[in-house]
Structures are given as structure tokens and as C-alpha cells.
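To keep things clear, I will list the structure first and then write my remarks on it.
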Amino acid sequence: MGEIYVKYNKFGNRFISDKLIEEGVEVVFPPILEFFTQEIVNVKKNWDMNLTHHKFSSWVLVEFFNIYINNAISKAEKILKKSKYPFVFESIKQIAEDAEQTLSLSNQFGEGWLISAEISSFAKQGINNVISVQPFGCIANQVISKGIEKNLKKKYPNLNLLFLDYDDGASDVNITNRLYFMLKTL
């Protein structure tokens, strides 16, 4: 998990998922849907906290988007129920409520509160070994990642977190060593 490009692009994360699979680790990515639907929560939270003006036209647009997304998710879940690997999407509202136990939802820069939400979602599913990847230039993600670590470990004592910062100066050896030490603690 982590910043969207580094999280989902193999080149961007230096093929970390391939390295983990070679070591016999099952790799699970958070659904990309949450990255896009978090804006529903962000807009409503900003209205509640008086950070932005509440316009009727904006409210209509957000509600329409929310209904549209939820209908699409329902259709996808019906199809996935019939598959070998059924999957149920958590609502963005529930995901946000979990994140709010760790930090304020006003943390919207970078991946913001979504980092805490994705880690909490993994922990609730029994996925306790989480790697958060982020580009070095994304200061918001780095600050939030380090800031939420203690609270998340308190809430989920079996959680094993590794935060990896990727920049053009980060050596592959450093990243590989940090992965290796995490794998040895499994």
C-alpha cells in the first residue's frame, strides 16, 4: 500500500511484489476503488468542518457520484459472488470511520487518511504484515505513515509495518535488506 503510482506500478516500486512472491509471500493490494471514492468522504468532511462552503450543486454531484459508485459496486459484488474468489468491498464510509480512530479525516494531502484506512482494513482481514511504499517527495504520506504507526500497533498488536521510501537515490540493496528483515520476522 502507499502512494498510488508506487503502489500499483511495478517499475515504480522496483518490482517489490515480484521479489515477495519469489520468497513465497502472498501479495495483496488494496482495491484502487478506495483512492477514487475517498473524495466523497473528503468533500462531506470538509463541509462538516467548515473547511469549504456547502453548495447545493456540489451536494447533488457528490450524492449522484456516491449512488452511481455504490450501484457499480453492487453489480461487481454479484458477479464476484459467483467466482472462485468472492470479494466484498467495504464501504468508503466504513473505511473512513476506521481511519478516523487513528487520525482526523482532514488529513487529505497525498493519500492522507487512506493510508490508515487501508492498514486497518488489512488488519481486520487478518493481514498483519503490511508494506507501505511511497515516493520520497511525498512528505504528506511520510508524515502520516510515521504518525499513525503507534496508534495502529496499539489497536492491532499483531501488526508488522514496513514503510519504504522510494527516490532516485534509494539503493536496491537498502530496499532488499529492509524487506529481508521483515520477512525474517514473519
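The values are calculated or read from the model by the stated rules, or taken from the named source; none is laboratory data. Please read these numbers as outputs of a predicted model, since none were measured by experiment. Here the Cβ is made from the backbone with ideal geometry for all residues, glycine too, and neighbour counts use every protein chain on show. Accessible surface is based on the protein model in full, side chains and every heavy atom, while ligands, DNA and RNA are left aside. Shrake-Rupley method; radii C 1.70, N 1.55, O 1.52, S 1.80 Å.
Could you say which residue among Ile131, Ile95, Ile119, Ile139 is more than 17 Å from Glu34 (Cα to Cα) and touching a helix residue (DSSP H, G or I) at 6+ places or on another chain (Cβ under 9 Å)?
Ile131
Please go through the range 1-57 and pick out each residue that is within 17 Å of Cys138 (Cβ to Cβ), of a type in the set (A, V, I, L, M, F, W, C) and part of a helix (DSSP H, G or I).
Ile4, Val6, Ile16, Phe35
Under the condition of being surrounded by fewer than 24 Cβ atoms within 10 Å (Cβ to Cβ) and touching a residue at least 40 places away in the same chain (Cβ under 8 Å), which residue from the range 113-124 is nearest to Val28 (Cα to Cα)?
The residue in question is Phe122.
Being over 20 Å from Val6 (Cβ atoms), crowded, with 18+ Cβ neighbours inside 10 Å and more than 13 Å from the chain's Cα centre (by Cα) is true for just one of Leu186, Leu164, Leu103. Which residue is that?
That would be Leu103, the only listed residue that is over 20 Å from Val6 (Cβ atoms), crowded, with 18+ Cβ neighbours inside 10 Å and more than 13 Å from the chain's Cα centre (by Cα).
Give me the pairs: first residue in the range 6-22 and closer than 13 Å to Leu164 by Cα, second residue assigned to a helix (DSSP H, G or I) and among the aliphatic types (A, V, I, L, M), beta-carbon distance under 6 Å, and six or more apart or on different chains, which are they?
Close Cβ pairs satisfying both conditions: Gly12/Val6; Asn13/Val6.
State whether the residues of the range 68-80 include one that is touching a residue at least 24 places away in the same chain (Cβ under 8 Å), open to solvent by less than 50 Å² (accessible area, probe 1.4 Å) and on the phi < 0 side of the Ramachandran plot.
Scanning the range 68-80, I find at least one residue that is touching a residue at least 24 places away in the same chain (Cβ under 8 Å), open to solvent by less than 50 Å² (accessible area, probe 1.4 Å) and on the phi < 0 side of the Ramachandran plot, so the answer is yes.
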